[in-house]
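A.B. asks: Can you keep this structure in mind? I'll have questions shortly.
The values are calculated or read from the model by the stated rules, or taken from the named source; none is laboratory data. Please read these numbers as outputs of a predicted model, since none were measured by experiment. Note that each Cβ is placed from the backbone with ideal geometry, even for glycine, and that neighbours are counted across all protein chains shown.
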Amino acid sequence: GWQASMKIGSLSYIPWNRLPVQLMSQVRVYTSNGQKKDLGSEDTNRSAREETPHKVETGQDTTNAGQKQSSLKQPIQVKVKAVLKKREYGPKYTQNNFITGVRAINEFCLKSSDLDQLRKIKRRSPHDDTETFTVYLRSDVEAKSLEVWGSPEALARERKRRKEAEIKYRENLFRNQRLLWEYKEFFGNTKPRSSTATMFFKGPGKVVMVAICINGLNFFFKLLAWVYTGSASMFSEAIHSLADTCNQALLALGISQSARTPDPSHPYGFTNMRYIASLISGVGIFMMGAGLSWYHGIIGLLQPHPVESLLWAYCILAGSLVSEGATLLVAINEIRRSARAKGLSFYQYVVQSRDPSTNVVLLEDAAAVLSVAVAATCMGLTSLTGNPYYDSVGSLGVGTLLGTVSAFLIYTNTEALLGRSIEPEQLQRLTELLESDPVVRAIHDVKATDMGMSKVRFKAEVDFDGRVVTRSYLEKQDIEQLLQEIQQVKTLEELEAFMLKHGENIIDTLGAEVDRLEKDLKQRNPDVRHVDLEIL
């Protein structure tokens, strides 16, 4: 047979015997019988006839020729897809990006007064305390910076100068902090008491300060008793009290550091400083308390020596028992109150290390009370039998007790620092809240990490229902006006502008839905402080 090729618009070299051709939905129709549809067909028919190669093979009958002529008379319909031209997004398009005032001032070396003359745009705020915040067009900010500094080279020199000044400031950070401290001291009588100082008058801070005072006095008197009697058990008790005093001073430092406000280098704050201080405290108890007690007990077994009068030692142990017991009661009451507020039992609160500072005081004082009993018992056996080995065995017993406490503290604080998950029941409640929301189709990869000190970070990948999001947007629109806008769309350019306008608004609606879900999660579990919802 024969074939004829034609070229219509962007469609070229289409064989006659494969027409009509249908491509997708939006079409333009062309005919070859003189009818006009959307475009003039006479030129098309003329060009088609001119490009038709008359290739007739030898021996072909006249019937085929008649069929070919009849096929030329049939209307030919070609459906061509109207495709929007792909846009190349270059640097000019990114000039429509928004920039906050703080970034504009820092990155383009501007003043706040320079921004007053620029166009202000209200956008949905990513922060919980404000609904909207002001942003600026990046192109306006760049133009303003060139107007202020004259040229890109001058702006670059100013950025370099400010960077050098920042480096110099960091090098002199200690001196600057000293000046700030003196400034606060100068105006101290006109300002309220800082939050860091008030932390030591209530809660865990109060427990730690009471323990520091009592253990410091116990160390002093136990040291005098050991010097007077030479008892190995009394030496272990003196070392125990010294270790408790140093460790609790370290806990106080951790509490004060945990109250620092977050900064760019530590955006989630410094609450883990309590766990770090408790972990170092546990290591200190093991090395300083248990290690020295074991060492002195072993020396007593290898080189026994007679023990002097133990009357003063018994008196000091009795006073130590009373003081350590008082501190223990303070720690127990604080943990009971905190556990009741969290809805946990006393045992769960201690094992989960919800408050590491109070836990350290509780376990140290409990070990102190037991060690006083062990030391008094072994010293009594030594005084009754005259055998100094009992006293050395008491020192080994105190060291073993301190080693057990230190191992427990190291384990619980290490688990907290590694970032353990919250309770399965709490995670299930948060998951059910998301899954029951109509805007959510499914959730995946749910993680809820306990960051310590009643702060939880929640993360999930959420598959949003685009239909519900779009309906939420349409409910806030005037449907009749929207219908009129649709009816006025005649060209591809108008369609593109219409879709870009409402597409951006739908994305803003999706962001508002994410904010609503984050707020609901924080209300369901007040411990949730940071929520990361990733859109699938």
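A.B. asks: Looking at Ser472, is it under 28 Å from Val528 (Cβ atoms), among the small types (Gly, Ala, Ser) and more than 18 Å from the chain's Cα centre (by Cα)? Walk me through how you get there before you give the answer.
C.D. replies: Working: under 28 Å from Val528 (Cβ atoms): yes; among the small types (Gly, Ala, Ser): yes; more than 18 Å from the chain's Cα centre (by Cα): yes.
Yes; evaluated as a whole, the condition is true for this residue.
A.B. asks: Which one is farthest from Ala211 (Cα to Cα) among residues in the stretch 300-314 that are touching a residue at least 40 places away in the same chain (Cβ under 8 Å) and part of a helix (DSSP H, G or I)? Before the answer, list the steps.
C.D. replies: Filtering the stretch 300-314 down to residues touching a residue at least 40 places away in the same chain (Cβ under 8 Å) leaves 300-301, 304-310, 312-314.
Going one step further and asking which of them are part of a helix (DSSP H, G or I), we end up with 300-301, 312-314.
Numbers: Gly300: 30, Leu301: 33, Trp312: 23, Ala313: 21, Tyr314: 22 Å.
Going through the qualifying residues, I end up with Leu301.
A.B. asks: Within the stretch 138-157, is even one residue surrounded by 10 or more Cβ atoms within 10 Å (Cβ to Cβ), assigned to a strand (DSSP E or B) and not hydroxyl-bearing (Ser, Thr, Tyr)? Please lay out each step first, then the result.
C.D. replies: Taking the stretch 138-157 as the starting set, the residues that turn out to be surrounded by 10 or more Cβ atoms within 10 Å (Cβ to Cβ) are 138-150, 152, 154-157.
Within this subset, residues satisfying the condition of being assigned to a strand (DSSP E or B) are none.
No, the stretch 138-157 has no match at all.
A.B. asks: Look through Ser278, Ser231 and report the one residue that is at pLDDT below 80, buried (at least 22 other Cβ atoms within 10 Å of the Cβ) and of a type in the set (Gly, Ala, Ser). Walk me through how you get there before you give the answer.
C.D. replies: Details: Ser278 fails: at pLDDT below 80.
Every option except Ser231 fails the conditions.
A.B. asks: So which residues in the stretch 244-288 are part of a helix (DSSP H, G or I) and among the β-branched types (Val, Ile, Thr), if there are any at all?
C.D. replies: Scanning the stretch 244-288 gives Thr245, Ile255, Ile276, Ile280, Val283, Ile285.
A.B. asks: Here are some conditions: (1) under 17 Å from Ala368 (Cα atoms); (2) under 46 Å from the mean Cα position of the chain (by Cα). Pro262 meets all but one. Which one does it not meet?
C.D. replies: (1)
A.B. asks: Would you please name the residue that is surrounded by the most Cβ atoms within 10 Å (Cβ to Cβ), looking only at residues in the stretch 296-319 that are within 18 Å of Asp244 (Cβ to Cβ) and not aliphatic (A, V, I, L, M)?
C.D. replies: His296
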